Amino acid sequence: MQVTAIVMGGAWAYVALSRPWIDQGSTIDWLIDGAAWTAFLGGAVLRLWATLWIAGRKKQTVVDDGPYRACRNPLYVGTFAMGIGIGLFLKSLVFGTGLGLVVLLYLWFVVPAEERYMRSRFAESYDDYCARVPRWIPRLSLLRRNEIFHPVADRTALQRECWRMACWMLLAGLAELTCHLRGTAWSVW
């Protein structure tokens, strides 16, 4: 988490202090912003949906229903999609590179550690789950219609996720503001 903050904070600072490479208000700017909102909001919806299903059950059982039926890591997939959205808002290859580095750290260290824990705790049932369900790219054909909506099992977890979403929304707004100010500041010079 601290490495993520350092890498992404440094990349954001670079973006704020660098000349924009896409003119604010241009057609390409609007198209990239549209893609940014699509990635960002899609990731947010996936995170909320995954939270509804895993809340209160995370370390008690292998959660293999709802979004976890189609993908083993929907919370990470949602977070990465939101990060891609922020990167698109900022329109920065440096930020994109920083995000890529952070994603690789999660792929190489965090997720394998979580999988080792799950395997040690749930053994064969987790191995069966891994054999059925892809780690990253959701297999939508595995979803069941009756598993789209789910009553909230842990309201505290849902509350925490809503606070996280509010912080992410602030980041999206700050990214847009950064691009606007960056474009304005350079046009003065």
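Hand me the list of helices (runs of 4 or more DSSP H) wholly inside segment 1-106 holding 2 or more residues that are in contact with a helix residue (DSSP H, G or I) (Cβ under 7 Å, 6 or more places away or on another chain) and under 17 Å from Trp168 (Cα atoms). Even if it seems obvious, please write down each step before you answer.
Working: elements: 2-17, 27-54, 67-70, 74-90, 93-105.
Qualifying helices (runs of 4 or more DSSP H): 2-17, 27-54, 74-90, 93-105.
List the pairs whose first member sits in segment 59-79 and is closer than 15 Å to Glu114 by Cβ, whose second member is surrounded by 22 or more Cβ atoms within 10 Å (Cβ to Cβ) and of a type in the set (D, E, K, R), and whose Cβ atoms are under 7 Å apart, counting only residues at least 6 apart or on separate chains?
Leu75/Arg47; Thr79/Arg47
Name every residue in segment 37-50 that is touching a residue at least 60 places away in the same chain (Cβ under 8 Å) and crowded, with 22+ Cβ neighbours inside 10 Å, in order of residue number.
Phe40, Arg47, listed by residue number.
Residue check: is Arg160 open to solvent by 50 Å² or more (accessible area, probe 1.4 Å) and either under 21 Å from the mean Cα position of the chain (by Cα) or within 30 Å of Gln24 (Cβ to Cβ) (or both)?
Numbers: open to solvent by 50 Å² or more (accessible area, probe 1.4 Å): yes; either under 21 Å from the mean Cα position of the chain (by Cα) or within 30 Å of Gln24 (Cβ to Cβ) (or both): yes.
Spelling it out, Arg160 is indeed open to solvent by 50 Å² or more (accessible area, probe 1.4 Å) and either under 21 Å from the mean Cα position of the chain (by Cα) or within 30 Å of Gln24 (Cβ to Cβ) (or both).
When the residues of segment 65-106 are narrowed to those that are open to solvent by 30 Å² or more (accessible area, probe 1.4 Å) and among the polar types (S, T, N, Q), which ends up nearest to Arg145 (Cα to Cα)?
Only one residue fits best here, namely Thr79.
What is the number of the single condition among (1) in contact (Cβ under 8 Å) with a residue 12 or more places away in the chain; (2) assigned to a helix (DSSP H, G or I) that Arg135 does not meet?
(2)
Would segment 107-116 turn up any residue that is open to solvent by 30 Å² or more (accessible area, probe 1.4 Å) and in contact (Cβ under 8 Å) with a residue 12 or more places away in the chain?
Our first condition is that a residue be open to solvent by 30 Å² or more (accessible area, probe 1.4 Å); within segment 107-116, this holds for 107-110, 112-114, 116.
Now drop any that are not in contact (Cβ under 8 Å) with a residue 12 or more places away in the chain, which leaves none.
Within segment 107-116 (the criterion being open to solvent by 30 Å² or more (accessible area, probe 1.4 Å) and in contact (Cβ under 8 Å) with a residue 12 or more places away in the chain), the answer is no, since none of the residues qualifies.
Filtering segment 130-157 down to residues that are open to solvent by less than 90 Å² (accessible area, probe 1.4 Å) and among the charged types (D, E, K, R), which residue is farthest from Tyr106 (Cα to Cα)?
Glu147
How many of the residues making up segment 15-74 are more than 16 Å from the chain's Cα centre (by Cα), of a type outside the set (D, E, K, R) and within 23 Å of Leu93 (Cβ to Cβ)?
16
The values are calculated or read from the model by the stated rules, or taken from the named source; none is laboratory data. In this text, all values refer to a predicted model and were calculated from it rather than measured experimentally. Methodologically, a virtual Cβ is constructed for each residue, glycine included, from the backbone with ideal geometry; neighbour enumeration extends over all protein chains shown. With ligands, DNA and RNA removed, areas are computed over all heavy atoms of the protein, side chains included. Shrake-Rupley method; radii C 1.70, N 1.55, O 1.52, S 1.80 Å.
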